[in-house]
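Input: a single structure, listed below in structure tokens.
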Amino acid sequence: MPSAGEMKQRIEATLPGARAEVDDCTGGGDHFRAHVAYSGFAGRSRLEQHRIVYEIFGDEIGGPIHALSLKTSTH
């Protein structure tokens, strides 16, 4: 199971210039909330923005990462 810190690092490493804040909502290491600011989201729908982030974690979503609530922005 990735930690909130590891998830933040993965997001920022995969999306150059992105800033991510990730919190473990329950303390159990499987329910997370993240805010991701990334200029590459410009011109994309909210659904597309969320898909970009979910793709970083692939099969971990619904597995070790049971839930990931996202807020995305371009700044």
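Remarks
- Estimated from helices alone, the mean residue ellipticity of the chain at 222 nm is -9500 deg cm²/dmol (sum of -39500 (n - 2.57) over DSSP H runs with n ≥ 4, per residue).
- Portion, in percent, of the accessible area of the chain that falls on carbon or sulfur, probe 1.4 Å: 48 percent
- Karplus-based coupling profile of segment 58-70, in residue order and whole Hz: x, 5, 5, 5, x, x, x, 9, 5, 8, 9, 8, 10, with θ = phi - 60° in 6.51 cos²θ - 1.76 cosθ + 1.60 and x standing for Gly or Pro.
- Restricted to Cα atoms, the chain shows a radius of gyration and a Dmax of 11.5, 35 angstrom.
The values are calculated or read from the model by the stated rules, or taken from the named source; none is laboratory data. This structure is a prediction, so every number in the text was calculated from the model and none was measured. Note: accessible area is taken over every heavy atom of the protein model, side chains too, but ligands, DNA and RNA are not part of it. Shrake-Rupley method; radii C 1.70, N 1.55, O 1.52, S 1.80 Å.
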